[in-house]
Amino acid sequence: MTHQKYPSRLKIFNKKEKERFEEKLNEQFGIENIPGMILQKGTEKLYLFQGSLSEKQIYELEQTLPIEKVGIYFAKTVEERDGEDKIRLSIEGTQILSDQINKNIFELNDEQVEEWMRGSELLLDYFNKLIDEEKLVKRAEGRDAGVLDSKLGGKARVKPERGFLVMKYKDNFLGTGKASENKISNFIPKNRRLKERNN
């Protein structure tokens, strides 16, 4: 059954469409299986539905009631400059699929996670400068320059692959960012960002 049988603004991915989508997710993040139905409303946003309704029941329900969405918003398709579609996972998408994600993960440190959850871009030059300064201090003090303070997030300068990255802090998955040459862009919606602390 395809969505054309039931005139609707809602589209439910058929088996082949879902397999193609899973292939893209596997290529980007190592994800192999989407546990449920993929529904699309509009041109970009994708929802994951894991309930007991059939495709027919979902379409019939949508014809009867003004449903804003079915399922959980978990991903968005984004057309890149080269014309290729890439997938950007939402916060819920990274959490639902966390046990499968094993590629293109950016590990946030304590300082970065606060900036990230406030909705800020991560300016990689700034964090690399901190790391380089810490190395110089350790070297001047005769300590191991390769062992960095944990708040600086690791043993090496930050240089992620370009493209979409899953943001992770300890065991928590926090959505997707997009890495360019010197920064990682943030897509956390304004209503979900941390508020600035009052001093």
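Might you let me know whether segment 101-110 holds any residue that is at pLDDT 80 or above, under 14 Å from I188 (Cα atoms) and of a type outside the set (F, W, Y)?
Filtering segment 101-110 down to residues at pLDDT 80 or above leaves 101-110.
Filter again for under 14 Å from I188 (Cα atoms), leaving none.
Among the residues of segment 101-110, not one is at pLDDT 80 or above, under 14 Å from I188 (Cα atoms) and of a type outside the set (F, W, Y), which makes the answer no.
Between a residue in segment 161-177 that is charged (D, E, K, R) and any residue that is surrounded by fewer than 21 Cβ atoms within 10 Å (Cβ to Cβ) and at pLDDT 95 or above, which pairs come within a Cβ distance under 8 Å, given they are 6 or more apart or on different chains?
Final answer for the pair search is K168/L174.
Listed residues K5, K56; which is over 20 Å from G175 (Cβ atoms), at pLDDT 85 or above and either over 24 Å from the mean Cα position of the chain (by Cα) or not basic (K, R) (or both)?
Numbers: K5 fails: at pLDDT 85 or above.
The conditions single out K56.
Regarding E44, is this residue over 19 Å from the mean Cα position of the chain (by Cα) and among the acidic types (D, E)?
On the way: over 19 Å from the mean Cα position of the chain (by Cα): no; among the acidic types (D, E): yes.
No, not satisfied.
May I ask you to verify whether I91 is touching a residue at least 60 places away in the same chain (Cβ under 8 Å), in contact with a Ser or Thr (Cβ under 8 Å, 6 or more places away or on another chain) and among the aliphatic types (A, V, I, L, M)?
no
K86 - would you say it is farther than 20 Å from K190 by Cβ, at pLDDT 90 or above, in a strand (DSSP E or B) and outside the structural domain of I34 (by TED's automatic domain parsing)? Reasoning before the result, please.
Numbers: farther than 20 Å from K190 by Cβ: yes; at pLDDT 90 or above: yes; in a strand (DSSP E or B): yes; outside the structural domain of I34 (by TED's automatic domain parsing): no.
For K86, the condition - farther than 20 Å from K190 by Cβ, at pLDDT 90 or above, in a strand (DSSP E or B) and outside the structural domain of I34 (by TED's automatic domain parsing) - is not met.
For segment 170-190, enumerate the residues that are under 16 Å from Y73 (Cα atoms) and assigned to a strand (DSSP E or B).
Those that are under 16 Å from Y73 (Cα atoms) and assigned to a strand (DSSP E or B): F173, L174, G175, T176.
Would you point out the residue of segment 87-100, among those that are touching a Phe, Trp or Tyr at 6+ places or on another chain (Cβ under 6 Å) and under 14 Å from K24 (Cβ atoms), that is surrounded by the most Cβ atoms within 10 Å (Cβ to Cβ)?
Filtering segment 87-100 for residues that are touching a Phe, Trp or Tyr at 6+ places or on another chain (Cβ under 6 Å) and under 14 Å from K24 (Cβ atoms), the one surrounded by the most Cβ atoms within 10 Å (Cβ to Cβ) comes out as G93.
Anything in segment 12-62 that is part of a strand (DSSP E or B) and free of Cβ contacts under 8 Å to residues at least 40 places away in the same chain? List them, or say none.
M37, I38, L39, Q40, K41, K45, L46, Y47, F49, listed by residue number.
The values are calculated or read from the model by the stated rules, or taken from the named source; none is laboratory data. Quick caveat: nothing in here was measured; it's all calculated off a predicted structure. Because the Cβ atoms are built from the backbone with ideal geometry, glycine has one as well, and the counts that use them run over all protein chains shown.
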